[in-house]
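J.: Before anything else, here's the structure in question.
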Amino acid sequence: MVGTSYRHDISINYQQLGLSLIIGVILSCLLVGGMIVLIIAVFTGFGWIVPGVEVEGIPLGWMDREKAASVIDKKLNLERPLVVGDGNQQWMVQSIEFGLLVDANATAEQAFQVGRGRDALNDLQDLILNRSSNISPVILFSETVARQQLEKWSLALSYPAGKPELKYKDGFWVVSAGSDGLKLDIENTLARFKDDPVWLYRERRLVFVMTPITGEQNPADLVRLRDQLNRPLKILAYDPISDRSVEVIVPVAVMAQWGKVEVSNGSTVLKIDNDGLFQYLAGNSSTLGSDKSMVLPAQSSAITDAWLAGKSIELLVKYHPTSYTVQAGDTLVKIGMQLQMPYWRILKANPGLDQNHLVAGQKLVIPSRTDLLPLPIIRNKRIVISISKQRMWLYENGKQIAEYVISTGIESSPTMVGVFQVQTHELNAYASVWDLTMPHFLGIYEAWEGFMNGIHGLPTLSNGRRLWENVLGKPASYGCIILNLNAAKTVYEWAENGVVVEIRN
């Protein structure tokens, strides 16, 4: 009887324990549920975000939505940095500057909804068990703002490729390749925003897409200019007195002193200090002789323009005035004939000179021989006259094209030897001194001031008598050069003003 009663007591205790556990669980559930209901009631009534709700680690519990939005905007928009860089440098900016923005109101609303709505019980239970709930911010992206910002940065980060340069180095002109440039690729950088703005926001780092620009290497125009500059400046100085050309060479190193490379209207050009070059040419004509120099063109750039264009450069030689020491027995006419200079020009070059009382040892200024060539020189034609042979030859382009028998001045009125120039054309010139009409007259030099000696056909007196028709080939005139009528007409029409006339003994 005793054993049976003991087992019955144990059974009753187990039943009581199980019932107690069930009741405890029920009471716990009722307690938790009551707490949850209580929490919901409290936070719903006051409009607070429940404790434990966070956004990016920022606690928002016990805040209303307005306060939470303000905190979110301050922490995640105004104070949140974004590191941007070009691969070499980096800068710290605000995300909102590049259009990355947390929607503070929408994010606060998400936080506020924790513990509310259909999943309120689950949300709150998670909060109680996990002690926190992290809400993802609502990320906005403005492509317009990002593009505008990138355009501003592009101005600072991008730079064009450098232009190739032409430089003088170690005795030569060389072309150096243009430096490389860099460009901020706005479209591809924007693509990094658009592909995943949320990731970019969380990463807090943006590397701009930079596109290298290769500098130009050897542009054809600079290569041509380089090749031209590496050729010395060669000038052919033509001496109309001797009918010869002398080559004057200005070395590359000397030309480089006045060369300056510039970019004008997108093209590389060489600016040359032509005045400096002119001074050099004027002072360095030693190959011509101390009594000569070159006649430089009126436009100082004419020489270098022709040089750069690859054209031949031809300049005239001018003679400097010289001096003469009077010898015993000299007369001004004799000196003039000896020096191939009309006496009256010597008289004018020496003011106060008494031509009738020359003194041995007296120094006279002798004008330049090129003063007798006042007109532009006709280079491809030349008239050569020989007094001793009583002949005239016409030359064109260096070749003889005609020969004529002539008569020059008699001993008492000789034809002057020298180099002169066709200066005038008169169909019928009249010399009142000798009462002569001279057909097809070409004036070549003034025997005395205002009186021109020249080349012409057989003259006639006022009575119609033609002179010297039968004496051609012997001196006969008063200083002019006489031709038969046909030859005079041919020469008159062939020799324009400017043709050089060389008269030899």
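The values are calculated or read from the model by the stated rules, or taken from the named source; none is laboratory data. Small disclaimer: the values here were computed from a predicted structure and weren't measured. Please note: Cβ atoms are built from the backbone with ideal geometry, for glycine as well, and neighbour counts cover all protein chains shown. Remember, those area values only see protein heavy atoms, side chains included, never the ligands or the DNA or RNA. Shrake-Rupley method; radii C 1.70, N 1.55, O 1.52, S 1.80 Å.
J.: Which value in Å does the Kirkwood hydrodynamic radius of the range 343-403 take, with 1/r averaged over all unlike C-alpha pairs and then inverted? Please report the intermediate quantities before stating the final value.
T.: On the way: mean 1/r = 0.0665 Å⁻¹.
Kirkwood hydrodynamic radius for the range 343-403: 15.0 Å.
J.: Can you give the Kirkwood hydrodynamic radius of the range 258-325 from its Cα pairs, in Å with one decimal?
T.: Numbers: mean 1/r = 0.0720 Å⁻¹.
Mean inverse Cα-Cα distance, inverted, gives 13.9 Å.
J.: I've got another one for you. Tell me the trypsin sites (Lys or Arg not before Pro) within the range 289-378 that lie in a loop according to DSSP and have at most 15 other beta-carbon atoms within 10 Å.
T.: Values: sites: Lys292, Lys311, Lys318, Lys334, Arg345, Lys348, Lys363, Arg369; in loops: Lys311.
Sparse-neighbourhood loop trypsin sites (Lys or Arg not before Pro): Lys311.
J.: With a 1.4 Å probe and every protein chain left in place, tell me how much accessible area His440 has, in Å² to the nearest 10.
T.: Counting only protein heavy atoms, His440 exposes about 40 Å² to solvent.
J.: Round to the nearest 0.05 the FRET efficiency obtained for Ser242 and Arg205 when R0 = 60 Å and r is the Cβ-Cβ distance. Spell out each step's value before the answer.
T.: Details: r = 84 Å, r/R0 = 1.39.
The value I calculate is 0.10.
J.: Sticking with this one: How much accessible surface area, in Å² rounded to 10, belongs to the heavy atoms of Glu314 with a 1.4 Å probe?
T.: Its heavy atoms expose roughly 100 Å² to the probe.
J.: Taking every eigenvalue of the Cα gyration tensor of the chain, multiplying by 5 and rooting it, what semi-axes result, largest first, whole Å? It would help to have the intermediate numbers written out before the result.
T.: Details: eigenvalues 2876, 85, 73 Å².
The answer is 120, 21, 19 Å, longest axis first.
J.: Also: Along the Cα→Cβ direction, 7 angstrom out, place labels at Gln327 and Ser70. What is the inter-label distance in nm?
T.: About 12.1 nm, to one decimal.
J.: Need the full-extension length gain, Leu485 to Asn505, defined as separation in residues times 0.36 nm minus the C-alpha distance. One decimal, nm.
T.: On the way: separation 20, 0.36 × 20 = 7.20 nm, distance 2.41 nm.
Full extension of this stretch gives 4.8 nm more.
J.: Given a cut-off of 28 Å, what percent of all Cα-Cα pairs of the range 352-505 lie beyond it? Walk me through the numbers on the way to the answer.
T.: Working: 2453 of 11781 pairs.
Beyond 28 Å sits 21 percent of the P(r) for the range 352-505.
J.: For the range 228-269, what mean projected area does the convex hull of the alpha carbons give, in nm²? Don't skip to the answer; put the middle values down first.
T.: Details: hull surface 16.7 nm².
So the mean shadow area of the Cα hull is 4.2 nm².
J.: Measure off, as a whole percent, the carbon and sulfur share of the 1.4 Å-probe accessible area of the chain, all protein chains present. Don't skip to the end; give the middle numbers.
T.: On the way: 14720 of 27970 Å².
Of all accessible area on the chain, carbon and sulfur atoms account for 53 percent.
J.: Stretched out fully, how many nm does the piece from Glu165 to Trp494 gain, at 0.36 nm a residue minus the Cα gap?
T.: Working: separation 329, 0.36 × 329 = 118.44 nm, distance 5.25 nm.
Length gained, Glu165 through Trp494: 113.2 nm.
J.: On to the next question. Which percent of Cα-Cα pairs in the range 158-315 sits in each 10 Å bin, short to long?
T.: Calculated over all Cα pairs of the range 158-315, the distribution is 9, 28, 21, 13, 10, 8, 6, 3, 1, 0 percent.
J.: Where does the range 183-258 land on Rg(C-alpha)/(2.2 N^0.38 Å)?
T.: Numbers: Rg = 29.8 Å, N = 76, 2.2 N^0.38 = 11.4 Å.
Dividing the Cα radius of gyration by 2.2 N^0.38 Å gives 2.61.
J.: Expressed as cubic angstrom per residue, what is the convex hull volume of the alpha carbon set of the range 226-351? Walk me through the numbers before you get to the answer.
T.: Values: hull volume 16.6 nm³, N = 126.
Roughly 132 Å³ of hull volume per residue.
J.: Let me ask another. Taking only complete DSSP H runs, can you tell me which helices of the chain stretch 27 Å or more along their own long axis by Cα positions and average at least -0.5 on the Kyte-Doolittle scale?
T.: Details: long enough: 2-46 (65 Å, 1.42).
Answer set is 2-46.
J.: Work out the FRET efficiency for Arg231 and Trp448 from their Cβ-Cβ distance, taking R0 = 35 Å, and round it to the nearest 0.05.
T.: Numbers: r = 50 Å, r/R0 = 1.43.
Efficiency, rounded to the nearest 0.05: 0.10.
J.: OK, next. Roll a 1.4 Å probe over the protein chains and send me the accessible area per residue for the chain in Å². Before the final figure, lay out each step's value.
T.: Numbers: 27970 Å² over 505 residues.
Value for the chain: 55 Å² per residue.
J.: Between Glu216 and Ser142, what length comes free when the chain is fully extended (0.36 nm per residue of separation minus the Cα-Cα distance, one decimal in nm)? Can you show the working numbers first?
T.: Working: separation 74, 0.36 × 74 = 26.64 nm, distance 3.78 nm.
This chain segment gains 22.9 nm when fully extended.
J.: I've got another one for you. Going Cα to Cα from Lys67, which lysines come in below 23 Å? Please leave out same-chain ones fewer than 8 positions away.
T.: Result set, ordered by chain and number: Lys75.
J.: Right, another one. First measure r as the distance between the Cβ atoms of Val365 and Glu396, then evaluate 1/(1 + (r/R0)^6) with R0 = 30 Å and state the FRET efficiency to the nearest 0.05. List each step's numbers first, then the result.
T.: On the way: r = 37 Å, r/R0 = 1.22.
After rounding to 0.05, the efficiency reads 0.25.
J.: A further question on this structure: What are the lysines whose alpha-carbon lies under 25 Å from the alpha-carbon of Lys311, with same-chain residues fewer than 8 places away excluded?
T.: Lys167, Lys234, Lys260, Lys271, Lys292, Lys381, Lys399
J.: Would you mind calculating the relative contact order of the range 188-345 from Cα pairs under 8 angstrom and at least 6 residues apart, reporting the percent as a whole number? Please list the in-between numbers first.
T.: On the way: 146 pairs, mean separation 29.0, N = 158.
Relative CO of the range 188-345 lands at 18 percent.
J.: What distance in nm lies between label points placed 7 Å from Cα along the C-beta direction at Thr437 and Val405?
T.: Those two pseudo-labels are separated by 2.6 nm.
J.: Just reorder Val198, Val250 by solvent-accessible area, largest first, 1.4 Å probe, all chains present. Each step should come with its number before you reach the end.
T.: On the way: Val198 65, Val250 0 Å².
Largest accessible area first, the residues go Val198, Val250.
J.: List the lysines whose Cα sits under 17 Å from the Cα of Lys183, skipping any in the same chain fewer than 8 residues away.
T.: Lys152, Lys163
J.: Remind me, relative contact order of the chain in percent, using alpha carbon pairs under 8 angstrom and six or more residues apart?
T.: Working: 888 pairs, mean separation 42.4, N = 505.
It rounds to 8 percent for the chain.
J.: Next question, about the same structure. How big is the C-alpha Rg of the range 390-439 next to the rule-of-thumb value 2.2 N^0.38 Å, as a ratio? Provide the component values of the computation, followed by the final result.
T.: Values: Rg = 13.8 Å, N = 50, 2.2 N^0.38 = 9.7 Å.
Compactness ratio reported: 1.42.
J.: Right, another one. Inverting the mean 1/r over all pairs of different Cα atoms, compute the Kirkwood radius of the range 138-236 and quote it in Å.
T.: Answer for the range 138-236: a Kirkwood hydrodynamic radius of 17.0 Å.
J.: Determine the relative contact order of the range 125-275: mean sequence separation of Cα pairs under 8 Å and six or more apart, normalised by residue count, in whole percent. Don't jump to the answer; show the numbers that get you there.
T.: Details: 195 pairs, mean separation 28.4, N = 151.
Relative contact order comes out at 19 percent.
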